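Heads up, the thing below is written out as structure tokens.
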Amino acid sequence: MYLSDKRAKKFKKTLDRLYVDLEELLGSNRVPCDQETLLHMQDAFGAQHYHREHGLVLDHAEGCFVWDKSGKKYLDCIATYSAIASGHGNIELIGAAIAQLFKMTSAPNRFINDTQPQLLKEIATLTSQDGVILMNTGAEAVDTAIKGARRWAYREKKIPENTAQIISAEGNFHGRTLNAIGLSATEKYRKDFGPFPKGYIKVPYGDIDAFAKAITPSTAAFILEPIQGEGGIVIPPDSYLKTVREICTRENILLIFDEIQTGLGRTGMLFGGCWSGVHPDGVLLGKALGQYVAVSAFAARKDVMDGFDPGSHGSTFAGTAFPCAVALKSLELITRDNFALVHNSLHMGVYFLGQLRALNSPMIKDVRGKGLFIGVEFDPKVASPDLVCATLLENGLMAGVAQKTVRFTPPLVITREEIDLAILIIERTVQELSSKKTAA
Ligand SMILES: *Cc1c(COP(=O)(O)O)cnc(C)c1O
């Protein structure tokens, strides 16, 4: 028994009330605000660090759909930047979360809990790595990988202290901390946030010669996305990752894949790196690892993990019972029935890509992707990616902007019928934008 009878009774009563008194259970401090009031509060008290979709406040979600406060329904082709794999409101995931909240949420990380060991083993097995460190956000996992690579470089590769270099690829996205934007070459992420940590070298993505030339005796690691996400769904040339792997092995450089977005089925394979058959020395996971909760991980070879000794790394909430329980369920859902969800991503991705190409619109300049990791370039002379997304939203579809590309990353549970709906909305949007342009 986890609970005294008294607490169990109280809890059962609460669960029974969930659907009837949801608003009340969420808290009396949440006054039922209309959209206008909430928008005003957000503007008044929040920073302006996101391009907001103005005029709407999201309220609730189920499966592949999200509703705003006015009751308008949207097909979600952003899925919280690929985090939502099993769809919104997945009852098993919610159940696992509630059950763990009930049992124990967190305890100091000096003590081992009964969920973290299982999650560590599961991640190590899925990634075929020797060890795992859990963090909260993706950017923190990136920081962890940098620390791990540097320790390894000094202690194993015997590079002189404070000289280690990490190579990254231009157009990357590794998150928003100073280290993550230190790895970035994208001006809008970096402007007026310097000075940045030293030791980061950037090379063009997909360019083997540039990578080979950037290597010095002090190179510790090459960190890159197997397919760039925020960079605009950029798929590297065929043999690129294979050759990168060969060079890293030859030069004793760690190859670290940032699979925070491409990982766990998004691209139709368990990992984006599977498309090239390349096994990295370290892997970063986040987003779909926790789906509804921030959980991230750095998994790596034993000699890299061994660099982390007591006191060298950690975070208050990372690896506590609650996020681990949710992530364990998330991985169970993704791997269940012989990876059925990953297969769905692959098959629905092929269907989505095919239907997009079949639109055959002169306004669509390029369609590319793997699995449900899809980018479309629209003719910028007709409409900017921002205008395309705003019009899609008006028509009931949420899509994301990634540089010059409009990105479609629906939950991995999406069905053929839902993709047909997406195509219908995209087709209507393209027609509207083209006729507006012709009229102008
Ligand atoms: C989203 C993302 C990150 C950062 O994750 P956060 O949880 O937002 O910190 C890092 N790398 C890639 C490839 C991502 O897509």
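The values are calculated or read from the model by the stated rules, or taken from the named source; none is laboratory data. Quick caveat: nothing in here was measured; it's all calculated off a predicted structure. Here Cβ is always computed from backbone atoms with ideal geometry, including for glycine, and neighbour counts include all displayed protein chains. Just the protein is used for accessible areas: all its heavy atoms, side chains included, with ligands, DNA and RNA removed. Shrake-Rupley method; radii C 1.70, N 1.55, O 1.52, S 1.80 Å.
With the condition kept exactly as written, say whether any residue in region 100-119 is part of a loop (DSSP other than H, G, I, E, B), closer than 29 Å to residue 201 by Cα and open to solvent by 60 Å² or more (accessible area, probe 1.4 Å). Looking through region 100-119, none of the residues is part of a loop (DSSP other than H, G, I, E, B), closer than 29 Å to residue 201 by Cα and open to solvent by 60 Å² or more (accessible area, probe 1.4 Å). Do the conditions hold for residue 288, that is, is it more than 17 Å from residue 413 (Cα to Cα), among the small types (Gly, Ala, Ser) and within 16 Å of the ligand (Cβ to nearest atom)? No. In this structure, residue 222 does not satisfy being in a strand (DSSP E or B) and in contact with a Pro (Cβ under 8 Å, 6 or more places away or on another chain).
Away from the ligand (no atom under 12 Å from the Cβ) and either open to solvent by less than 60 Å² (accessible area, probe 1.4 Å) or assigned to a strand (DSSP E or B) (or both): does that describe residue 304? Here the answer is yes, as residue 304 does meet what is asked. Criterion first (open to solvent by 20 Å² or more (accessible area, probe 1.4 Å) and either touching a Pro at 6+ places or on another chain (Cβ under 6 Å) or free of Cβ contacts under 8 Å to residues at least 40 places away in the same chain (or both)) does residue 242 satisfy it? Here the answer is yes, as residue 242 does meet what is asked. Could you go through region 153-170 and let me know if any residue there is out of contact with any strand residue (DSSP E or B) (no Cβ under 6 Å at 6 or more places or on another chain), open to solvent by 30 Å² or more (accessible area, probe 1.4 Å), within 16 Å of the ligand (Cβ to nearest atom) and modelled with pLDDT of 95 or more. Taking every residue of region 153-170 in turn, none turns out to be out of contact with any strand residue (DSSP E or B) (no Cβ under 6 Å at 6 or more places or on another chain), open to solvent by 30 Å² or more (accessible area, probe 1.4 Å), within 16 Å of the ligand (Cβ to nearest atom) and modelled with pLDDT of 95 or more. For region 249-263, the candidate set comprises residues that are in a loop (DSSP other than H, G, I, E, B) and away from the ligand (no atom under 12 Å from the Cβ); within that set, the residue that is surrounded by the fewest Cβ atoms within 10 Å (Cβ to Cβ) is 252.
Here are some residues: 97, 85, 124. Which one is among the small types (Gly, Ala, Ser), under 30 Å from residue 233 (Cα atoms) and in a helix (DSSP H, G or I)?
Result: 124 is the single residue among 97, 85, 124 that is among the small types (Gly, Ala, Ser), under 30 Å from residue 233 (Cα atoms) and in a helix (DSSP H, G or I).
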